[in-house]
Amino acid sequence: MNKADLNHYVCTRLATTRACSEEIVSAVLRGIQDGVQREGQVVLAGFGCFRARRHAERFARHPRTGVPVRIPARVSVQFRAALAWKRELE
């Protein structure tokens, strides 16, 4: 499912216009992004948790040449599904 499919799902589920459903989906996604940026995590009970995860700088080796390569520090977003949702998937 992509964003367009999600917009269509919301549109049919809420019996709204396509433009309204696009605004709803965009607002929810933007809210999750803002929450992770400001507070470091967004917890949605029964669904899961989005959390900013910091990775330290590290060194690795280039697989072909064996030359050490510096990998800079970075931040990624981790999603962890809620236990209730995981049980539904089984």
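At-a-glance table
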{"quantity": "Centre separation in Å (Cα based) which lies between region 49-90 and region 1-17", "calculated": "31 Å"}
{"quantity": "Neighbour-count order for V67, V25, fewest beta carbons within 10 angstrom listed first", "calculated": "V67, V25"}
{"quantity": "q = 0.28 Å⁻¹, region 40-90: log10 I(q)/I(0) [Debye, one scatterer per Cα]", "calculated": "-0.99"}
{"quantity": "Cα long-axis angle, helix 18-39 against the chain (0 to 90 degrees, to the nearest 10)", "calculated": "40 degrees"}
{"quantity": "The chain: relative contact order in percent, alpha carbon pairs under 8 Å with at least 6 residues between", "calculated": "20 percent"}
{"quantity": "Charge context of A82, other residues only, Cβ under 14 angstrom, K/R +1, D/E -1", "calculated": "+2"}
{"quantity": "Angle in degrees between helix 3-14 and the longest Cα principal axis of the chain, rounded to the nearest 10", "calculated": "30 degrees"}
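No value in this document is a laboratory result; all are computed from the given coordinates. Not measured: the values here are computed from a predicted model. Cβ coordinates were reconstructed from backbone atoms using ideal geometry, including for glycine residues, and neighbour counts include every protein chain displayed.
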